[in-house]
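Reviewing the structure listed below.
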Amino acid sequence: MQIKESSVTAIYSFDPKTRVMRPLFSTGVSAGFPSPAEDYIDRHLDLNERLIDNPAATFFVRVAGDSMIGAGINHDDIVIVDRSLEPASGRIVIAVLNGELAVKRLVIQGDSCRLVSENPEYPPLEISPETPLEIWGVATYAIHKL
């Protein structure tokens, strides 16, 4: 079994010494008609604090391919991965299947296990008990450029 839509092109470690503090406005931003600017900063937001729950168990991967677009994960996105989370059914995981890294949704039903894409162009990957599969971690966030 070969994964044609290989989903990971790079792996990055997390540097807990880096802090990314940005202003967080207390007012909402209208997605419809603009509202008057109130220029009120509620507090500063640390993106590491917001996005990283377990720094020692966190790493990042860069995604290649379009097999997870239905889950909001696009080509060239950065996915935050937490190795401390349980890879339960329904979660999006970073899997090593036959030596290749992939981002897929893990589906476990009874004794069967599948890695499922979020794009109908790609069929699910059935995992037999003989298939070498390792789950590296659970995806928690996808970061992409607008």
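The values are calculated or read from the model by the stated rules, or taken from the named source; none is laboratory data. Predicted model only: the values in this text are computed from it and were never measured. FYI the Cβ positions are ideal-geometry reconstructions off the backbone, even for glycines, and counts take in every protein chain you see. Just the protein is used for accessible areas: all its heavy atoms, side chains included, with ligands, DNA and RNA removed. Shrake-Rupley method; radii C 1.70, N 1.55, O 1.52, S 1.80 Å.
Brief remarks on what is shown
- Verdict on Val107 being without any contact (Cβ under 8 Å) to a residue 24 or more places away in the chain and among the β-branched types (Val, Ile, Thr): yes
- The condition of being modelled with pLDDT of 75 or more, out of contact with any Lys or Arg (no Cβ under 6 Å at 6 or more places or on another chain) and closer than 24 Å to Arg83 by Cα holds for only one of Val20, Val8, that being Val8.
- Counting the residues of segment 53-80 that are surrounded by 17 or more Cβ atoms within 10 Å (Cβ to Cβ), within 18 Å of Pro124 (Cβ to Cβ) and β-branched (Val, Ile, Thr) gives 1.
- Selection of segment 113-146 for residues being out of contact with any Asp or Glu (no Cβ under 7 Å at 6 or more places or on another chain) and in a strand (DSSP E or B) yields Cys113, Leu115, Val116, Leu125, Glu126, Ile127, Leu133, Glu134, Ile135, Trp136, Ala139, Tyr141.
- Members of segment 91-134 that are of a type in the set (Lys, Arg), closer than 20 Å to Asn74 by Cα and open to solvent by less than 70 Å² (accessible area, probe 1.4 Å): Lys104, Arg105
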